[in-house]
1. If the Cβ limit is 6 Å and pairs must be 6+ apart or interchain, which residue in the stretch 52-78 that is under 18 Å from Leu12 (Cα atoms) pairs with which residue that is in a loop (DSSP other than H, G, I, E, B)?
2. Check Glu3, Glu7 and return the single one that is over 18 Å from Arg75 (Cβ atoms) and not aromatic (Phe, Trp, Tyr).
3. Output the qualifying pairs, or none if there are none: Cβ atoms under 9 angstrom, residues six or more apart or on different chains, first residue in the stretch 1-15 and more than 18 Å from Ile34 (Cβ to Cβ), second residue surrounded by fewer than 17 Cβ atoms within 10 Å (Cβ to Cβ) and β-branched (Val, Ile, Thr).
4. Quick check, is Thr5 polar (S, T, N, Q), over 12 Å from the mean Cα position of the chain (by Cα) and more than 22 Å from Gly64 (Cα to Cα)?
5. Among the residues of the stretch 18-33, is there at least one that is closer than 18 Å to Arg77 by Cα and at pLDDT 80 or above?
6. Output the residues belonging to the stretch 27-43 that are of a type outside the set (Gly, Ala, Ser) and within 11 Å of Met1 (Cβ to Cβ).
Amino acid sequence: MVEPTTENLAELDLAIATGTRQSGQFLAKARIRIVVQRAGQTLFIPAGTIHAVYTAEKSIMYGGDVLNPFDMPTRKRYWPNWL
């Protein structure tokens, strides 16, 4: 997970625009937090947090979003990329 600072979001915007988001070459200077989640655990990710998911083995995941007025500018900014 990466904090959604102005600098990190600008780098993410560039990675999306240039198609390098999947290459792992962006956010190299950002403070990245790695979370290991075990079976039965629940993880809440703060709104706007830049994140990626890797599953080492087959699993079932249930996810959802909670919309609130505090994160709407970020949601509207990235909504086309989530479709």
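1. Filtered contacts from the stretch 52-78: Asp71/Ala47; Asp71/Gly48; Thr74/Gly48.
2. Numbers: Glu3 fails: over 18 Å from Arg75 (Cβ atoms).
Result of the check over Glu3, Glu7: Glu7.
3. Close Cβ pairs (under 9 Å, with a partner that is surrounded by fewer than 17 Cβ atoms within 10 Å (Cβ to Cβ) and β-branched (Val, Ile, Thr)) amount to Leu9/Thr74; Leu14/Thr20.
4. On the way: polar (S, T, N, Q): yes; over 12 Å from the mean Cα position of the chain (by Cα): yes; more than 22 Å from Gly64 (Cα to Cα): yes.
Against the criterion (polar (S, T, N, Q), over 12 Å from the mean Cα position of the chain (by Cα) and more than 22 Å from Gly64 (Cα to Cα)), Thr5 qualifies.
5. As a first pass, look at the stretch 18-33 and keep what is closer than 18 Å to Arg77 by Cα: 18-19, 21.
Narrowing further to those that are at pLDDT 80 or above: 18.
Looking through the stretch 18-33, at least one residue is closer than 18 Å to Arg77 by Cα and at pLDDT 80 or above.
6. Within the stretch 27-43, the first condition is being of a type outside the set (Gly, Ala, Ser), and the residues that meet it are 27, 29, 31-38, 41-43.
The answer is Leu27, Arg31, Ile32, Arg33, Ile34, Val35, Leu43.
Here's the yes/no breakdown for (1) assigned to a loop (DSSP other than H, G, I, E, B); (2) at pLDDT 80 or above:
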position: Ala15; (1), (2): no, yes
position: Arg38; (1), (2): yes, yes
position: Leu43; (1), (2): yes, yes
position: Ala47; (1), (2): yes, no
position: Tyr62; (1), (2): yes, no
position: Val66; (1), (2): yes, no
position: Phe70; (1), (2): yes, no
position: Trp79; (1), (2): no, no
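The values are calculated or read from the model by the stated rules, or taken from the named source; none is laboratory data. Keep in mind that this is a model prediction, so the values were computed, not measured. Here the Cβ is made from the backbone with ideal geometry for all residues, glycine too, and neighbour counts use every protein chain on show.
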